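Peer 1: The following block contains the structure, expressed as structure tokens.
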Amino acid sequence: METITRTKIADLLKSKSFGEKVNVKGWVRTRRGSKMVNFIALNDGSTIHNVQIVVDVEKLGEEYLKPITTGACINVNGILVESQGKDQNVEVQATEVEIYGTADPQTYPLQKKGHSVEFLREIAHLRPRTNTFGAVFRIRHHMAMAIHRFFHERGFFYFHTPIITASDCEGAGQMFQVTTKNLYDLKKDENGNITYEDDFFGKQASLTVSGQLEGELAAMALGSIYTFGPTFRAENSNTPRHLAEFWMVEPEVAFYEIEENMQLAEDFIKYCIQWALDNCLDDIQFLNGARKLLYKNEDNDDLVERLRFILDNKFIRLSYTEGVKILEEAVAKGHKFEFPIFWGADLASEHERYLVEKHFKCPVILTDYPKEIKSFYMKQNEDGKTVRAMDVLFPKIGEIIGGSQREEDYDKLYKRAEEMDIPMKDIWWYLDTRRFGTAPHSGFGLGFERLLLFVTGMANIRDVIPFPRTPNNAEF
Ligand code: 4AD
Ligand code: MG
């Protein structure tokens, strides 16, 4: 075969170099045609769109073409020509076709369109080859780029916090342990407690639930930082919005009060959404249709409109107390929630979504939650009851961001940690930031997959991460 530099299909489709020799490589979506001429729809992952390869059957031989079935991988030399078809501008008239790999139609699982999302999760090793998941993972990449650019442009430094940790940042005790101990022969002390002195780290260690505590250390030196990495939660919640392994983006800013923190969160989400509209419109438009077939009974809003709506509206700012009042009034008027609502209750997703979708019809930033339902590190308000927390609540999603102004006063923080039974031996270094040059500061955590749920319109969080980890599921 003649050696010609490969062109990606994304670039080929924009090319006007008609008559030129080109090379394309990719996976066959379909092959159809007559005894004379075959049309191969080829995709290489660079774009949602396929390029049409036109094959002279007589020239290449009917037998030779037979193994070119859905899923096969081929290498094509040909001439770029203007297409007569109305669906595409260009096509490739093949001169040479090499078959890299066949995909036996009897066993290749992605034969027809319209597989269920559940089935596609079972073949997560192949689902990136579907149009839907190709689009989702391209958008995932673009959102990651947007996040880095947003912070980089504003002088934030990307700071890497550890995955293995000995402290429970959120204090919710949903951690996965990390150990090299022989679980079949655990050493215990005289009280029957497991000893960790002989374990790899010489103490009990876990996978992190958040990079925040270490992020704060960095903010107290570099001023503005963000983390972006995997976090782990062993909560046994089998919901469409929870993963055991998910990616979190956590900015932390010295000298920020909660108001500036809220503005940063709003600007940040809007930047990401604008980026999606600017860079992923083809994929978004494809998903707008595809998701309606994938998830039955889900609401059918227009994805582009959904994204524009966020850009066009200022997020409502509201205290938890005011939020609960609205929810209680809804109950009084006959609205039924599954979970009870009263001042002091942790809000369930149905409550968050009521505020956002039914009441305000707009994203809401809820602030000043009761201290009992929030973490030890949040700045305590004068009222002695609430803390300076802020959750960003989104339509379709519920909580997309959780954050707060941090308690910078050593004594108050120490007391709260004690009250909440946080072991000092685990967080002495965190408390040190308040002993040496403490400063007001704030930050938040965005669940990357929750943002992706919103942007892609996918209805289940398992479908926006390549290889989801959930209870009873760690295949691939
Ligand atoms: O509200 P969370 O628990 O906040 C923190 O971890 C803070 N340390 C963040 C900070 O202030 N730096 O989690 C932050 C976000 C949530 O709002 C949600 O979007 C996402 O992380 N999240 C999850 N996403 C997927 N699966 C889970 N199990 C999640 N738990 C939280
Ligand atoms: Mg939260």
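The values are calculated or read from the model by the stated rules, or taken from the named source; none is laboratory data. Nothing here was measured: the structure is a model prediction, and the numbers come from that model. FYI the Cβ positions are ideal-geometry reconstructions off the backbone, even for glycines, and counts take in every protein chain you see. The accessibility values were calculated without ligands, DNA or RNA, using every heavy atom of the protein model including side chains. Shrake-Rupley method; radii C 1.70, N 1.55, O 1.52, S 1.80 Å.
Peer 1: How about the stretch 221-244: which of its residues are open to solvent by 30 Å² or more (accessible area, probe 1.4 Å), more than 22 Å from residue 178 (Cβ to Cβ), part of a loop (DSSP other than H, G, I, E, B) and more than 10 Å from ligand 1 (Cβ to nearest atom)?
Peer 2: Correct list: 238, 240.
Peer 1: Okay, next question. When you scan the stretch 181-202, do you find a residue that is farther than 24 Å from residue 380 by Cα, assigned by TED's automatic domain parsing to the domain that holds residue 376 and hydrophobic (A, V, I, L, M, F, W, C), even just one?
Peer 2: The answer is no, given that none of the residues of the stretch 181-202 is farther than 24 Å from residue 380 by Cα, assigned by TED's automatic domain parsing to the domain that holds residue 376 and hydrophobic (A, V, I, L, M, F, W, C).
Peer 1: Hey, another quick one. Any residue in the stretch 204-229 that is within 16 Å of residue 166 (Cα to Cα) sitting within a Cβ distance under 6 Å of a residue that is among the aromatic types (Phe, Trp, Tyr) and within 11 Å of ligand 1 (Cβ to nearest atom)? List the pairs, counting only those 6 or more apart or interchain.
Peer 2: From the stretch 204-229, the pairs are 207/232.
Peer 1: Taking interchain pairs and intrachain pairs at least six residues apart, which have beta carbon atoms under 8 angstrom, with the first residue in the stretch 421-449 and in the same structural domain as residue 394 (by TED's automatic domain parsing) and under 16 Å from residue 378 (Cα atoms) and the second exposed (fewer than 12 other Cβ atoms within 10 Å of the Cβ) and modelled with pLDDT under 95?
Peer 2: Pairs that qualify, where the first residue is in the same structural domain as residue 394 (by TED's automatic domain parsing) and under 16 Å from residue 378 (Cα atoms) and the partner is exposed (fewer than 12 other Cβ atoms within 10 Å of the Cβ) and modelled with pLDDT under 95, are 431/424.
Condition check ((1) within 15 Å of ligand 1 (Cβ to nearest atom); (2) in a helix (DSSP H, G or I); (3) open to solvent by 20 Å² or more (accessible area, probe 1.4 Å)) across all residues:
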| site | (1), (2), (3) |
| --- | --- |
| 342 | no, no, yes |
| 346 | yes, no, yes |
| 353 | yes, yes, yes |
| 383 | no, no, yes |
| 390 | yes, no, no |
| 429 | no, yes, yes |
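Peer 1: Looking at the stretch 55-92, which of its residues are in contact (Cβ under 8 Å) with a residue 40 or more places away in the chain, assigned to a strand (DSSP E or B) and either of a type in the set (Asp, Glu) or open to solvent by 20 Å² or more (accessible area, probe 1.4 Å) (or both)? Spell out the reasoning first.
Peer 2: As a first pass, look at the stretch 55-92 and keep what is in contact (Cβ under 8 Å) with a residue 40 or more places away in the chain: 55, 68-82, 88-92.
Filter again for assigned to a strand (DSSP E or B), leaving 55, 73-82, 90-92.
Passing the criteria: 73, 79, 81, 82, 91.
Peer 1: Right, here's the next one. Of all residues being away from ligand 1 (no atom under 14 Å from the Cβ) and outside any strand (DSSP E or B) in the stretch 363-381, which is surrounded by the most Cβ atoms within 10 Å (Cβ to Cβ)? Just the residue, please.
Peer 2: Checking each candidate, the answer is 371.
Peer 1: I would also like to ask the following. Can you tell me which residue in the stretch 395-420 is farthest from residue 270 (Cα to Cα), limited to those that are within 13 Å of ligand 2 (Cβ to nearest atom) and open to solvent by less than 40 Å² (accessible area, probe 1.4 Å)?
Peer 2: Restricting to residues being within 13 Å of ligand 2 (Cβ to nearest atom) and open to solvent by less than 40 Å² (accessible area, probe 1.4 Å), the top hit is 404.
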